[in-house]
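Working notes, beginning with the structure itself.
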Amino acid sequence: MTHDLKLLVTDIDGCIGMGEGRPYDLKVILHLAEMNRAARRGGAVPAVTLCTGRPAAYVDAMVQVLNGFLPAVFENGAGLYFPNGYRFAWHPSLGQSATKVIAQARDLLQVGVVETEVGYFQPGKEMSLTLLAMPGYTLADVGRAAADALAGWGLPCRVDVSVTTVEVRFEGLDKGAGLKWLASETGYALSNMIAVGDAEGDITFLQLAGCSAAPANADPAVKAMVDYVSPYAYERGLLDIVEWCQQG
């Protein structure tokens, strides 16, 4: 395997599937699950886990169907799910005031984004917030409304507009921080990981891994910095990336 890769860490939306509200290809899910079965038995194949903005419950379900046995990053690095022992942990950098900060941010966004009918919350988030656009508005509109709602309050939060959502999270807490945390908890070296992502928010963890790749649907900024860009999009691209890293 290229660079002795032992762990494939992938985003969900845009990589394993096409995103919110779109069906998964169950053949792809089964293939990834078989990789985990083989890795668990000590086979020469990388194990598979996740680094995603999705909330804890969604990641728990996805890890189950992927037959995952290693921790998975959720809420863009804010949390780590441990399937063995069924445990959910928040990043060590989140202090005691984090819950109050995110609650205040939610209240401000409720007034400035939701009640103005520009956007709405994705449910299930606890230490980060995700907004989507109402009909007639773009994600850029939602991002501006969110930034305006939080302006002047001195909250340690940032607003990022992604391909499909607007993310509000703590400063300094991103998928890169999540990947470092994953490495420290599992003992897998970053140099033995291949990271797969498609959006600019994925760059923070893509640049840390020993090898990085993206499907054809990835943002141009992502394609410009990864080691391999698949000619195929979404889940077909992910399977192509798996084949590429095993043949290297």
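Computed from the coordinates by the stated procedures, all read-outs in this text should not be read as laboratory data. Every value quoted in this text rests on a predicted model; they were computed, and no experiment measured them. Don't worry about glycine lacking a Cβ; one is built from the backbone with ideal geometry, like all the others, and counts go over all protein chains shown.
One table, with the values for the structure above:
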| quantity | calculated |
| --- | --- |
| C-alpha long axis of helix 26-40 to longest principal axis of the chain, angle in ° | 60 degrees |
| Reach of K100 by Cα under 21 Å, taken over lysines that are not fewer than 8 positions away in the same chain | K125 |
| For Rg and Dmax of the Cα atoms in Å, calculated from these coordinates, the label among (i) 17.7, 54; (ii) 18.5, 59; (iii) 21.0, 70 | (i) |
| For the chain, with +1 on Lys and Arg beta carbons and -1 on Asp and Glu, the positive-most of Q110, V65, F205 along the dipole | V65 |
| Dipole in debye (nearest 20) - the stretch 98-170, about Cα centre, beta carbon charges: Lys, Arg +1; Asp, Glu -1 | 220 debye |
| Range in the chain, longest, excluding exposed GluC sites (Glu not before Pro) [loop by DSSP; at most 15 other beta-carbon atoms within 10 Å] | 21-114 |
| Listed residue (L8, Y120, A233) projecting farthest to the positive dipole end of the chain, Cβ model | L8 |
| Computed magnitude of the charge dipole of the chain (debye, nearest 20; Cβ of K, R +1, Cβ of D, E -1) | 680 debye |
| The stretch 125-237 shape via C-alpha gyration tensor axes, a/c threshold 1.5 | oblate |
| Farthest positive-ward along the chain dipole, Cα basis, beta-carbon charges - from T138, Y188, A56 | Y188 |
| Set of aspartates and glutamates with alpha-carbon distance to K223 below 17 Å, sequence-local pairs under 8 removed | D11, D13, D198, E200, D202, E235, D240 |
| Length released on extending from L132 to A216, taking residue separation times 0.36 nm less the Cα-Cα span | 27.9 nm |
| Helix axis angle, 139-150 relative to the chain longest principal axis, alpha carbon, degrees | 60 degrees |
